[in-house]
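The values are calculated or read from the model by the stated rules, or taken from the named source; none is laboratory data. None of the values given here were measured: they were computed from a predicted structure. Positions of Cβ are generated from backbone atoms using ideal geometry, with glycine treated the same way; all protein chains shown enter the neighbour counts.
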Amino acid sequence: MPRISHWIVRRLSHLDGTLLLLVLLLLGISLAVVASASGQSPARITGHLVNIGLALGVMMLFANIPPHLLARAGLPLYVAGVALLVAVALFGEIRNGSRRWLNLGVIAFQPSELLKLALPLMLAWYFQQHEAVLRAKHYAVAAVLLLVPFVLILRQPDLGTSLMIGASGFYLLFFAGLPWKVIAGGGALVAASLPLAWNLLHDYQQRRVLTLLDPGADPLGAGYHIIQSTIAIGSGGLFGKGWTHGTQNQLDFIPERTTDFVFAVFGEEFGLAGVVVLVALYLALVARGLVISARAPTLFGRLMAATLSLNLFTYAFVNMGMVSGVLPVVGVPLPFMSYGGTALVTLMLGVGILMSVATHRQLNKT
Amino acid sequence: MKAVAPLKDLDRELARFHARLKIGAAFVVVLAGVLLGRAYHLQVVQHEFFTQRAESNRISLVPVAPNRGLILDRKGRILAENYSAYTLEITRAQVADLDATLAEIGKLIEITPGQLRRFRRLLSESHEFETVPLKSRLSDEEVAIIAAHRYRLPGVEVKARLFRNYQAGPGMAHVVGFIGRINDRDLKRLREQNIEHNYRGSVHIGKTGLEQSYETLLHGRTGFDQMETDASGRAVRMLSRIPPVPGKDLRLHLDLDLQAVAEQAFGDYLGGLVALDPRTGGVLALVSKPGFDPNLFVDGIDPETWKALNESPERPMVNRVLRGIYPPGSTIKPLMALAGLELGLRKPADSIVDPGYYSLPGSSHQFRDWKRGGHGVVDLRRSISQSCDVYYYRLAVDMGIDRMHDFLEQFGLGQKTGIDLEGESAGLLPSRDWKKRRWNKPWYPGETVIAGIGQGYHLTTPLQLATMTAMLANGGRHVEPRLVEALRDPLTAHWQPVPGAVRGQVAIKPENLAVVREGMLDVTRPGGTAARAAAGAPYSIAGKTGTAQVVGIRQGARYDEKRLAREHRDHALFIAYAPAENPTIVVAVMVENGGSGSGTAAPIARAVFDYYLTGKRPGAVNLETGNATD
């Protein structure tokens, strides 16, 4: 018995208290909002609880894996991910007009999900390998490592995911010390190629952007989601309509309201006060992540922690921006808030890595 | 090597990394600011706007159509009532393949070709999103069959609707009128009157008759249920209700029995009859033959039937009492006589010798009397009872068209009577002014001559004749004809009388009127033109016969009824009131192609008087036995 309890204490000692508290607060809010948005459907709530339990388990598992082991997984995961992306491009299943899924018989799998973690791991491991001798060449290699999956996913086509993965890669390069000159030059290049990129976008992608600029142009079609979600948020006012009292929510006006548009339900029922609290929680989470990064003993840990933190906030920003009508509609869930197992597990895996970096300080590099 | 050399570098790298972390943190704070700014804009700045949008999303007003008022005769018998029935309705926008759907329905329940034609016509007149009835009055079995197959028939619904039943039949169609589906024209009018909202739950609107003229009262006020609805438009719960206010019930002066007697009295003839109470203007009977079945129109008439009704030479859709305009002929003579007396042009005893024609001074043209050889010595009373034309040719010339016009105008000729039905004709009361305005031609003396016997430009409706007669009967009080006697609010069940409208009182010397009325009484006495029709009546009738020419008779030729095709025969007219001493009923009859007023029109009036004054129902009236006198 004492040995078992000792083992448990050791495992628990790798959890970061601050992160855990913030995450549990967010998950608590999420549970309440998903309950309200699903009309307090027992199936949805149970499903959400199961997802949360599973995700917490995954978080705990990864918190206990030392960073150097994680770093080793970078290359194989990356290679496997890119191979799967190629497989998708060749044999993938087409759903809703894009080739994103790989049918493994029992489950359909999106390899692009894997890359969300594999790419930062790969790049962080790569930079750590060449920490002492970082030169322009290494940034160039890293850029290629970034561009390969980026282009493969973009061609599926899945603009949203490719941009998110591109962002995570860019954050990593940025924290790894990508020279400002290169950043400025790259930015100029991207800006210059925007018109060209616009023409390369698919019709529905262009429409999404246009819809953002003028949702009223097609109120029952593409604009419907944005119009209804902004109505929900706006009608929430300062303090909201109260839990389960959002009319836009309860009467089905908000689409996808337990998943991608959960923020509209939250904004309607809890108002500006709720939004401020939510954004503050995300900021606190990022702050904690950056602190962990600053204190991390290895380059791998620093890069992973900083990238994961910024990435997490990017997801939150893109989702809330989309739901409140400042960004085009892209299928990105709101971290910790949206219902959905895969996204939550991936996210908590990232939190687990953050905790691992935070609690494995004595285990120095190499 | 790795352990020593990069140590210094590592510190610098670390410092650089920390700087980048700060930049990353700043970036995150900026993004958070954008989000909060957006939330502030939506939730504080535009809060009111979005609250309204959310409310209009949430709340929908479901109109609740009021019950339409009933129409009853004076004895409370129902002329128009509501019933609810199941109808099969189709919304075009929700049907992918209309023909296939119709074929499918046709396999389930019987759909007649007429119903299909009607459906196609209604469809062509409505918008895609409107529901259009295919078949109404479904049996319970048909409802069950459709309900069982509904899942295969998107856009097809069975709905409970309120309908109107006109059980009094074709005879009352011209009075009661009918309701029909609200069409674009109706909608436009409702919009102009700014009462469109009151029809949001209504399918029907009054199209003709009382249904049209009392539309606002009959319809009532539409109620609204404030429903909370979800995004798919399903009602979740009722928030509040403004109950509908049912329409008012109408009770008429008209007696259905009297109406039936009058209609029957026409036999095979077509024409119009109106009976008024001269004291109130109340319409006791109003017959326009032929009638039509108003029930055909309630859920849309099929094009074939509509065409047949409209193109029938008998013109069943025209209300002859209101819109049939005919020269008044001799029925104008009592009024002319009164004018002569009132204007001091004649005294009752003034006599003329009628040689059978009249010529204007200096002209050889002969205006003939209807009686060859003339009436001999004729005074005022005799001029009425014998209907002497020459007496009135002379009187008219002495009076002149202008004075004639002004006098007759006081009795409502040339104006709408103001009856509570729409679409009546004003007829035509000629004058010098009118001719100048209308034709830009001078008035000729010869025109005055024939105007004196109600020919020429004169045009009157049977209703105008009845109103004019009522004024002779009641001493010159100009009452407007009224169908509706009282209104009932269904909520209080309290009848509220509708007062008659009096336009004014014509100043007439009682002794002058008495002479004219005596002359009219003579008409039904032995020797008078309508003596036979009045024979044996236990009350006294004062009247005047008349004919309205359908074809012109050449100078020197003779009107020979037997040689004319029936449709070229004159229209027979008769105006009368009874009892002559204290009149309670006035009748004006117009029998199309009836030949003579005495022969066909007067017996019809007699049947009406008999029933109204004695309760006696007529036996078989033989209309062809009367003498062809006028």
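Name, by its number, the condition in (1) within 11 Å of chain B (Cβ to nearest Cβ); (2) under 27 Å from A:L210 (Cα atoms); (3) in contact with a Lys or Arg (Cβ under 7 Å, 6 or more places away or on another chain) that does not hold for A:V329.
If we test A:V329 against (1) within 11 Å of chain B (Cβ to nearest Cβ); (2) under 27 Å from A:L210 (Cα atoms); (3) in contact with a Lys or Arg (Cβ under 7 Å, 6 or more places away or on another chain), just (1) comes out false.
Taking A:Q248 and the conditions (1) at pLDDT 95 or above; (2) within 10 Å of chain B (Cβ to nearest Cβ); (3) more than 30 Å from A:Q128 (Cβ to Cβ), which numbered condition does it fall short on, given that it satisfies the others?
Going through the list (1) at pLDDT 95 or above; (2) within 10 Å of chain B (Cβ to nearest Cβ); (3) more than 30 Å from A:Q128 (Cβ to Cβ), A:Q248 breaks only (1).
Give me the pairs: first residue in region B:349-366 and exposed (fewer than 11 other Cβ atoms within 10 Å of the Cβ), second residue part of a loop (DSSP other than H, G, I, E, B), beta-carbon distance under 7 Å, and six or more apart or on different chains, which are they?
Close Cβ pairs (under 7 Å, with a partner that is part of a loop (DSSP other than H, G, I, E, B)) amount to B:A349/B:D379.
Scan region B:301-309 and give yes if some residue there is part of a loop (DSSP other than H, G, I, E, B), under 30 Å from B:T448 (Cβ atoms) and not β-branched (V, I, T), otherwise no. Break it down into steps so the answer makes sense when it comes.
Here is the first cut: in region B:301-309, the residues part of a loop (DSSP other than H, G, I, E, B) are B:301-302.
Next, only the ones that are under 30 Å from B:T448 (Cβ atoms) stay: none.
Among the residues of region B:301-309, not one is part of a loop (DSSP other than H, G, I, E, B), under 30 Å from B:T448 (Cβ atoms) and not β-branched (V, I, T), which makes the answer no.
Of all the residues that make up region B:92-110, how many are surrounded by 15 or more Cβ atoms within 10 Å (Cβ to Cβ) and farther than 12 Å from B:P154 by Cα?
Here the count works out to 2.
Assuming A:G234 fulfils every condition listed in (1) more than 14 Å from chain B (Cβ to nearest Cβ); (2) at pLDDT 90 or above; (3) touching a helix residue (DSSP H, G or I) at 6+ places or on another chain (Cβ under 9 Å) apart from one, which condition is it?
Exception for A:G234: condition (1).
From the residues in region B:37-65 that are in contact with an Asp or Glu (Cβ under 9 Å, 6 or more places away or on another chain) and hydrophobic (A, V, I, L, M, F, W, C), which one is nearest to A:G271 (Cα to Cα)?
Residues of region B:37-65 in contact with an Asp or Glu (Cβ under 9 Å, 6 or more places away or on another chain): B:54, B:58-64.
Subset that is hydrophobic (A, V, I, L, M, F, W, C): B:54, B:59, B:61-62, B:64.
Details: B:A54: 14, B:I59: 21, B:L61: 28, B:V62: 31, B:V64: 37 Å.
The extreme case among them is B:A54.
This table checks each residue for (1) away from chain B (no Cβ under 14 Å); (2) surrounded by 21 or more Cβ atoms within 10 Å (Cβ to Cβ); (3) without any contact (Cβ under 8 Å) to a residue 40 or more places away in the chain; (4) part of a helix (DSSP H, G or I).
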{"site": "A:K116", "(1), (2), (3), (4)": "yes, yes, no, yes"}
{"site": "A:W125", "(1), (2), (3), (4)": "yes, yes, no, yes"}
{"site": "A:A132", "(1), (2), (3), (4)": "no, no, yes, yes"}
{"site": "A:A140", "(1), (2), (3), (4)": "yes, no, yes, yes"}
{"site": "A:L147", "(1), (2), (3), (4)": "yes, no, yes, yes"}
{"site": "A:P157", "(1), (2), (3), (4)": "yes, no, no, no"}
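Every residue, every condition in (1) surrounded by 19 or more Cβ atoms within 10 Å (Cβ to Cβ); (2) facing another protein chain (nearest Cβ under 8 Å); (3) in a helix (DSSP H, G or I), yes or no:
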{"residue": "B:K22", "(1), (2), (3)": "no, no, yes"}
{"residue": "B:A26", "(1), (2), (3)": "no, no, yes"}
{"residue": "B:G33", "(1), (2), (3)": "no, no, yes"}
{"residue": "B:A54", "(1), (2), (3)": "yes, yes, yes"}
{"residue": "B:E81", "(1), (2), (3)": "no, no, no"}
{"residue": "B:I90", "(1), (2), (3)": "yes, no, no"}
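With the condition kept exactly as written, say whether any residue in region B:133-151 is part of a strand (DSSP E or B), surrounded by 17 or more Cβ atoms within 10 Å (Cβ to Cβ), touching a Gly at 6+ places or on another chain (Cβ under 8 Å) and not hydrophobic (A, V, I, L, M, F, W, C). Before you say what the answer is, go through the steps one by one.
Filtering region B:133-151 down to residues part of a strand (DSSP E or B) leaves B:133-135.
With the extra rule that they be surrounded by 17 or more Cβ atoms within 10 Å (Cβ to Cβ), the set shrinks to B:133-135.
Of the ones still in play, those that are also touching a Gly at 6+ places or on another chain (Cβ under 8 Å) are B:133.
Pick out the ones that are also not hydrophobic (A, V, I, L, M, F, W, C) and you get B:133.
Yes.
With region B:194-273 as the region, which helices (runs of 4 or more DSSP H) entirely inside it contain at least 2 residues that are closer than 24 Å to B:E89 by Cβ and at pLDDT 85 or above?
On the way: elements: B:209-213, B:215-219, B:256-265.
Result: B:215-219.
Kindly indicate whether A:T314 is hydroxyl-bearing (S, T, Y) and more than 9 Å from chain B (Cβ to nearest Cβ).
Working: hydroxyl-bearing (S, T, Y): yes; more than 9 Å from chain B (Cβ to nearest Cβ): no.
Criteria not met by A:T314.
If you go through region A:54-66 one residue at a time, how many are of a type in the set (G, A, S) and within 10 Å of A:L344 (Cα to Cα)?
Narrowing region A:54-66 to residues of a type in the set (G, A, S): A:55, A:57, A:63.
The next check asks that each one be within 10 Å of A:L344 (Cα to Cα); those that pass are A:55.
Selection size over region A:54-66: 1.
Against the conditions (1) modelled with pLDDT of 85 or more; (2) surrounded by 15 or more Cβ atoms within 10 Å (Cβ to Cβ); (3) more than 8 Å from every other protein chain (Cβ to nearest Cβ), where does B:V45 fall short? Just the number, please.
The single condition B:V45 does not satisfy is (2).
Being touching a residue at least 24 places away in the same chain (Cβ under 8 Å) and of a type outside the set (K, R) is the filter here; which residues of region B:130-139 pass it? Please lay out each step first, then the result.
From region B:130-139, those touching a residue at least 24 places away in the same chain (Cβ under 8 Å) are B:130-138; that's our starting set.
Passing the criteria: B:E130, B:T131, B:V132, B:P133, B:L134, B:S136, B:L138.
Being over 17 Å from A:I233 (Cβ atoms), within 14 Å of chain B (Cβ to nearest Cβ) and not in a helix (DSSP H, G or I) is the filter here; which residues of region A:333-359 pass it?
Matches in region A:333-359: A:P335 only.
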